[in-house]
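The values are calculated or read from the model by the stated rules, or taken from the named source; none is laboratory data. Just so it is clear, the model here is predicted, and its values are computed rather than measured. So basically every Cβ, Gly included, is an ideal-geometry build from the backbone, and we count neighbours across all protein chains shown.
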Amino acid sequence: MNEKRQYDSLEASELYCPQCKSARPVHRHLLLVLPTGNKYEYRCANCGTPVGAKDDTDNREYNEILRGRKLSD
Ligand SMILES: [Zn+2]
């Protein structure tokens with residue numbers, strides 16, 4: 001069940017930043033959790049400029065949120 005987490009560390013860790021005019025390490029920010037998967041944005045670790053985005057089809061996070069809400073009601 002936890003194997004997806006391992007893939008996270010294999011994702012892009014450097015992307016070209018137009019602001020820094022070179023490849024920079026990036027931080028991944030979770031933007032949206034949807035029933036169809038999650039939307040992420042990559043931002044330059046140096047200046048914070050968004051340099052890329054990514055969607056995945058892992059809806060486990062969404063389901064966990066739903067389940068959490070139901071439990072807390
Ligand atoms: Zn930058």
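Quick notes on this one:
- Residues satisfying the stated conditions in the stretch 9-33, i.e. within 16 Å of residue 45 (Cβ to Cβ) and modelled with pLDDT under 90: 9, 11, 12, 13
- Total residues in the stretch 32-65, condition over 13 Å from residue 18 (Cα atoms) and among the β-branched types (Val, Ile, Thr): 4
- Within the stretch 46-73, the set of residues being at pLDDT 95 or above and of a type in the set (Gly, Ala, Ser) comprises 48 only.
- Filtering the stretch 31-61 to residues that are within 16 Å of the ligand (Cβ to nearest atom) and among the β-branched types (Val, Ile, Thr) leaves 49, 51.
- Whenever a residue of the stretch 41-62 is loosely packed, with under 13 Cβ neighbours inside 10 Å, its partners that are of a type in the set (S, T, N, Q), lying with C-beta atoms within less than 6 angstrom and at least six residues away or across chains, give the pairs 47/19.
- Only one of the numbered conditions (1) closer than 21 Å to residue 13 by Cα; (2) surrounded by 12 or more Cβ atoms within 10 Å (Cβ to Cβ) is violated by residue 33, and that is (1).
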